[in-house]
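See below for the structure under consideration.
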Ligand code: GLV
Ligand code: MN
């Protein structure tokens, strides 16, 4: 084959391989062994990596794959009236490298789970009790929203801003599943108004087209975490 043709074929093969690799890169990486139970203690040393190092197999027990953390309702006695309890790799070491996790969300009557995103996962929510008004917003600003009742589910695509509101006068409960061991949650309001160091007030005032005093008033409601 002439060298010119050879490089054209190589380029085509590389393009196809890259195209095939893109979907594989869309979630947590694939497992390379049966399991890799997270060894939290090893992070006390200098080692840092993407995920957690594996426990030695002889130290792994069934309890590494077990948790009752979602059994009890979260405390919804807060200004937004909702509580998210997570069961991710930080609480269930056996989830390390398995690419999945869950949450339980409790809602007080009319409570809201405020707009947020999960940068590393798509979420699927299943209603155990009550009903919610839910929605997500696409990158071009379209809101997909509807009511979801007991026994029904709804999907929030990875990275898109979404929210839920209990639309009834009784408590509601939902279970969420994620295709990441640690989906990450970025709250819109906390990121903008509770960041440390703070996002400058003039930036927020200009972006939201409101007075700096209003920005300061909102900031005072979001105690900084760090
Ligand atoms: C709900 O959106 C959740 O992140 O648990
Ligand atoms: Mn969510």
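Just so you know, all these numbers are worked out from the coordinates, no wet-lab data involved. Just so we're clear, the structure is a prediction, and the values are computed from it rather than from any experiment. Note that we place each Cβ from the backbone using ideal geometry, even for glycine, and neighbour counts take in every protein chain shown.
Specify whether the C-alpha gyration tensor of region 47-115 places it in the rounded, prolate or oblate class, a ≥ b ≥ c being the square roots of the eigenvalues: rounded for a/c under 1.5, otherwise prolate if a/b is larger than b/c and oblate if not. In terms of gyration-tensor shape, prolate. For region 98-115, the residues whose backbone nitrogen is under 20 Å from a point 7 Å from the Cα of residue 80, taken along Cα to Cβ, are 101-115.
The distance separating the Cα centre of region 55-122 from that of region 148-226 comes to 17 Å.
With both labels modelled 7 Å from their Cα along Cα-to-Cβ, the residue 196 to residue 211 distance reads 3.0 nm. Hey, quick one: spin label on residue 72, modelled 7 Å out along Cα-Cβ, who in region 99-125 has an amide N within reach, i.e. under 17 Å? Zone members listed by number: 104-107.
As a length-normalised measure over Cα pairs under 8 Å and 6 or more apart, the relative contact order of the chain settles at 18 percent.
Under the criterion of Cα pairs below 8 Å and six or more residues apart, the relative contact order for region 93-180 equals 47 percent.
Can you bin region 131-226 into rounded, prolate or oblate? Criterion: square roots of the alpha carbon gyration tensor eigenvalues sorted a ≥ b ≥ c, rounded for a/c under 1.5, prolate for a/b above b/c, oblate for the rest.
Working: a/c = 1.97, a/b = 1.85, b/c = 1.06.
Prolate is the answer for region 131-226, as a/c is 1.5 or above and a/b outweighs b/c.
Binning the C-alpha pair distances of the chain at 5 Å intervals from 0 yields a P(r) profile of 1, 6, 10, 13, 14, 14, 13, 11, 7, 4, 3, 2, 1, 1, 0, 0 %, listed from the shortest bin outward.
The C-alpha atoms of the chain define a longest principal axis, and helix 3-24 lies at about 40 degrees to it. Listed from fewest to most Cβ neighbours within 10 Å, the set 42, 187, 196, 176 follows the order 196, 42, 187, 176.
From a point 7 Å beyond the Cα of residue 155 in the direction of its Cβ, which residues of region 106-142 have a backbone N at a distance under 12 Å? From region 106-142, the list is 122-125. Let a ≥ b ≥ c be the square roots of the eigenvalues of the Cα gyration tensor of region 62-185; is it rounded (a/c under 1.5), or, if not, prolate (a/b larger than b/c) or oblate? Oblate shape, in that a/c is at least 1.5 and b/c is the bigger or equal ratio.
Between residue 43 and residue 56, 0.36 nm times their residue separation minus their Cα-Cα distance comes to what? Walk me through the intermediate numbers first.
Details: separation 13, 0.36 × 13 = 4.68 nm, distance 1.44 nm.
Full extension from residue 43 to residue 56 adds 3.2 nm.
Give the order of 175, 210 when sorted by the count of other beta carbons within 10 angstrom, beginning with the fewest.
Details: 175 16, 210 13.
Lowest count first: 210, 175.
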